[in-house]
Structure formats: C-alpha cells, structure tokens
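The values are calculated or read from the model by the stated rules, or taken from the named source; none is laboratory data. Bear in mind that the values here come from a model prediction, so they are computed numbers and not experimental data. Neighbour counts run over all protein chains shown; Cβ positions are idealised from the backbone, glycine included.
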Amino acid sequence: MLNFTYSNKTIIHFGDKQIAKLTKAIDKKRKVLLAYGGGSIKNNGIYQQICDALKEHNVVEFSGIEPNPSYETTMKAVELVKEQGVDFILAVGGGSVIDGCKFIAAAAKFEGEPWDILAKNAPVKSAVPIGVVLTLPATGSESNSYAVVSKLATKDKFAFGSPYVHPEFAILDPMVMSTLPERQLTNGIVDAFVHVMEQYLTFNVNGKVQDRFSEGLLLTLIEEGPKVFNEVNDDVRANVMWSATMALNGLIGSGVPQDWATHGIGHEITALYGLDHAQTLAIILPRMMWEMRTEKQDKLIQYASRVWDINEGSNEERIKLAIEKTEQFFQAVKMKTRFSEYQLGEEVVDTLITQLERHGQTAMGEAQAVTLERSKTIIANSL
Ligand code: NZQ
Ligand code: ZN
C-alpha cells in the first residue's frame, strides 16, 4: 500500500427530514449565501424546508448556477459575496451547484484573477466556509475538496482542489431523489460507478481494504442502481446516495494509485459537445479498459472475478466479458455508451485530440500511459 494522509471534515447528516438540522448547523452570526441552480428546489419542497430551517438566519440568495457551472455565472456570485459581506455559503443542488460554490468561496478570497485557480493551479490560501444540501447523488462533491468549472468563452473545463473548499457539513436526504428526472438518476449512478473504477482499476499495491470497499460500492450500485427507476423504496435511494458519496470522499482512493484518464477525456467531451458529465464517462470507460488491458491486467481479472463472478476462460476472454458486463450495466441504468447515439461521428476524434493536446493531457492515467495516440484509439473505438 502507498503512504497516505487521510482526513474528511464533512459532517454528514443522512436521512429523512435532515434538512431541519440546518438551523443548528449554521451559526446565526453568519451571513449566509443560499446558492442554487435552475430552480428545481422550488418545485420539490426543498427550498421551503430550507427557508423554514433558516428563518432566523441572515440570508441572501443567488440562483442560476447552471449544469457544468461556468466561470461567467459564478463570478457574479463572487461580486455578491464581496458586496454583502457573506461569510458562509450554503450550496443546494447537485455537483454543479456545489462545485460552483466551491469556486465562489475560493474566488471571493483570492488576490488576483480567480480563473488562475483553475487554469494555472494558483494556490488557494483561504475560502468562505461552505455547507451543502445535496439534491442529486453523483459526484461526491458534497464531501470532497474538488470542483470543476468551465469557461464558456474558451470552452475550457478545468478542475481544482483545496482543503479550504471542503464542505463543513452535508445534508443527505434520499427523498430528494424522488423528483430527479430519469436522466439525472442515470447520470448519478454511472458517475459514482466510474469514480470507483478510476481509483480501483489501476495496478495492484495490496490495498486490500480499499479494493474490498471499492468492490462493495460497485456491487451495491449494480444491485440497487437499476431499481431506482421502478421498485423504489427508501432503502434503494439511501444505498445509491451513500454509495455515490463514498465513491469520491477520499476513502477508497487513499493509499492506492489513481487513474482519472476517463474523466480527463470526458471533461473535454462536455466542454466541446455539451454532453452530460456521466454520459461522457459511459462512452469512454469501456474502451479505456480495453485499450489499457495489458497495464491493468491484474486488476481487470480481479474485477471480473469479484464483481462479475467471471472465473473461467483465458485472461483476454475474462477481461472482454467483464468489459461487456460493464457496458451492459450502463445500458441497464438507461445510459447510452457510444458517440453515435448522440449523433456525433468521426469529426470528434481530431477535435478532441487537439483539445487534449492544448490542455497538456498527453500522458494521463496511473502510469502516465494514456498518450495522445492511445486517447485517439480509445475515442475512435467509442464512435
Ligand atoms: O439546476 P437545478 O434546478 O438544481 O437542476 C438540476 C440540473 O438541471 C437537476 N436536479 C438536481 N437535483 C434535482 C434536480 N432536478 C429535480 N430534482 C432534484 N432533486 O439536475 C440537473 C443536473 O445537475 P448537476 O448538478 O449538473 O448534476 P451532477 O450532480 O451530475 O453534477 C455534474 C457536475 O459535477 C462535476 C461534473 O463535471 C459536472 O460539472 N463533477 C464534480 C466532481 C467533484 N466536485 O468531485 C467530480 C465529478 O467527476 C464531476 O466532474
Ligand atoms: Zn465524475
């Protein structure tokens, strides 16, 4: 196992009616920015529950943080935070709102051009504290230090990470999933699944705890994921929601190598063609697994056996079948897995490669083995 330092400061309030905990979770002396997205929270009762919980707090609102939050929109909130002297940000939404708020929190305290935090890895030295009410289980952003923000003007989608933007608390009420459109349920399950794969499917360092945790999360998503569309009960939602948080809260990735090449290509697809984040991952991951099958052989065989119960045949046959099963799982949760299903064709290959090159993504993955040439093969095989 590799050396690691692990901490996760987010206090999780999980379950039915937990939104009421906001009253005590945020100090009344703080001036709160209540930030949300396109308004779904006004149609499903979440907004009202928040207003009830914060009726004695000093609150200003900012709405309109869009899916794949933009620098352009979030900078408007930065102005508001500065003008109003906001000293706590409550993010209410999915990954986009949470990530947008992380950037707002860091940018409001940043000296210089905040885009540099994303484009040049400029160090974040402080941030406005953040709390979260999660409305879409998917990204794990509610209890991690990362955020992904796009600049519309240049079609750049970049990530940054800082302990200063790690949420202080997160409220996870699985009932919020009852109003999620099917497309977002699908996205959440696939994103969580791929997060586990990015930290699990690398090379073996004998991180047995991490491996078994990861396999448990994958099996839970495979078992419960398809159920969220029909025989839904509270436990199905709870298990999917908790899996998504656990998939990217730092635990399973500690002490093991991490990949993230599928995400690297995926972010470029979203930036250029507007596909949802998880849609891009479902297209790329199966072909990434196949292209990297030699480097990842031990883990692929382990994945085939422990997750899909594939124990016979040559190594190549087992790997092929495990990849097929993975793609079938995506399809079982109503996800498309090819560019052509989004009316995208060969034209994407060179455009994406140019964009990857422009962003220096020329040696991705746990062993920096995903070169531009191999990315090209992966993308071309995913049409
Ligand atoms: O804007 P609102 O009204 O909130 O509607 C949203 C949005 O249209 C809607 N929605 C959310 N909760 C709902 C709901 N509709 C009805 N009922 C509810 N309870 O769903 C739509 C999509 O929301 P979004 O936040 O964009 O989805 P998701 O959580 O999948 O987040 C995706 C973003 O997170 C980034 C992605 O790149 C993308 O920008 N990621 C963040 C990561 C992180 N911070 O660690 C890691 C991930 O790999 C990912 O990159
Ligand atoms: Zn993701």
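Checked against the criterion of being assigned to a loop (DSSP other than H, G, I, E, B) and of a type outside the set (Gly, Ala, Ser), segment 38-48 has at least one qualifying residue. Note on segment 167-202: among residues that are surrounded by 23 or more Cβ atoms within 10 Å (Cβ to Cβ), in a helix (DSSP H, G or I) and β-branched (Val, Ile, Thr), the one that is farthest from the chain's Cα centre (by Cα) is Val176.
Look at (1) surrounded by 20 or more Cβ atoms within 10 Å (Cβ to Cβ); (2) within 20 Å of Glu366 (Cα to Cα) and you find that Asn206 fails only one, number (1). Inspect all residues belonging to segment 1-14 and state whether any of them is in contact with a helix residue (DSSP H, G or I) (Cβ under 7 Å, 6 or more places away or on another chain), within 16 Å of ligand 1 (Cβ to nearest atom), modelled with pLDDT of 95 or more and closer than 21 Å to Lys109 by Cβ. Checked segment 1-14: at least one residue is in contact with a helix residue (DSSP H, G or I) (Cβ under 7 Å, 6 or more places away or on another chain), within 16 Å of ligand 1 (Cβ to nearest atom), modelled with pLDDT of 95 or more and closer than 21 Å to Lys109 by Cβ.
Please work out which residue is farthest from ligand 2 (Cβ to nearest atom), limiting yourself to segment 65-115 and to residues that are among the small types (Gly, Ala, Ser) and under 19 Å from Lys29 (Cα atoms).
Residues of segment 65-115 among the small types (Gly, Ala, Ser): 70, 77, 85, 91, 93-96, 100, 105-108, 112.
Right, trim to under 19 Å from Lys29 (Cα atoms) and you get 85, 91, 105.
Working: Gly85: 34, Ala91: 17, Ala105: 21 Å.
Ranking the qualifying residues of segment 65-115, first place goes to Gly85.
Taking the criterion of being in contact with a Leu (Cβ under 7 Å, 6 or more places away or on another chain) and either closer than 15 Å to Tyr200 by Cα or surrounded by 24 or more Cβ atoms within 10 Å (Cβ to Cβ) (or both), would at least one residue in segment 269-287 satisfy it? Among the residues of segment 269-287, at least one is in contact with a Leu (Cβ under 7 Å, 6 or more places away or on another chain) and either closer than 15 Å to Tyr200 by Cα or surrounded by 24 or more Cβ atoms within 10 Å (Cβ to Cβ) (or both), which makes the answer yes. Selection of segment 304-346 for residues being free of Cβ contacts under 8 Å to residues at least 40 places away in the same chain, surrounded by 14 or more Cβ atoms within 10 Å (Cβ to Cβ) and in a loop (DSSP other than H, G, I, E, B) yields only Ile310.
Buried (at least 19 other Cβ atoms within 10 Å of the Cβ) and either closer than 23 Å to Val148 by Cβ or of a type outside the set (Asp, Glu) (or both), is that true of Ser7? No, not satisfied. Close Cβ contacts (under 7 Å, 6 or more residues apart or on different chains) running from residues in segment 191-204 that are without any contact (Cβ under 8 Å) to a residue 60 or more places away in the chain to residues that are within 10 Å of ligand 2 (Cβ to nearest atom) and not in a helix (DSSP H, G or I) comprise Ala192/Ala138; His195/Gly140; His195/Leu248. Being of a type outside the set (Phe, Trp, Tyr), modelled with pLDDT of 95 or more, buried (at least 20 other Cβ atoms within 10 Å of the Cβ) and in a helix (DSSP H, G or I) is a description that does not apply to Ala35. For segment 52-88, a residue qualifies if it is out of contact with any strand residue (DSSP E or B) (no Cβ under 8 Å at 6 or more places or on another chain) and either in contact (Cβ under 8 Å) with a residue 12 or more places away in the chain or not in a loop (DSSP other than H, G, I, E, B) (or both), and the qualifying residues are Asp52, Ala53, Glu56, Gly64, Glu66, Pro67, Thr73, Met75, Val78, Glu79, Lys82, Glu83. What are the residue pairs meeting all of these: first residue in segment 274-286, first residue closer than 13 Å to Lys157 by Cα, second residue near ligand 1 (Cβ under 10 Å from one of its atoms), Cβ atoms under 6 Å, and 6 or more apart or on different chains? Partner pairs satisfying both residue conditions: Asp276/Asn187; His277/Thr270. Going by what's in this entry, would Val240 be described as β-branched (Val, Ile, Thr) and over 18 Å from the mean Cα position of the chain (by Cα)? No.
Contact map, segment 89-104: first residue more than 16 Å from Ala138 (Cβ to Cβ), second residue within 16 Å of ligand 2 (Cβ to nearest atom) and not in a helix (DSSP H, G or I), Cβ cut-off under 6 Å, separation 6 or more or different chains; pairs are Phe103/Ala147; Phe103/Val149. State whether one or more residues within segment 122-140 are part of a loop (DSSP other than H, G, I, E, B), within 16 Å of ligand 2 (Cβ to nearest atom) and of a type in the set (Ser, Thr, Tyr). Within segment 122-140 (the criterion being part of a loop (DSSP other than H, G, I, E, B), within 16 Å of ligand 2 (Cβ to nearest atom) and of a type in the set (Ser, Thr, Tyr)), the answer is yes, since at least one residue qualifies.
Residues checked against (1) farther than 16 Å from Pro286 by Cα; (2) more than 22 Å from the chain's Cα centre (by Cα); (3) not polar (S, T, N, Q):
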residue	(1), (2), (3)
Leu300	no, yes, yes
Gly313	yes, yes, yes
Gln328	no, no, no
Ala332	no, no, yes
Tyr342	yes, no, yes
Asp350	yes, yes, yes
Ile353	yes, yes, yes
Ala369	yes, yes, yes
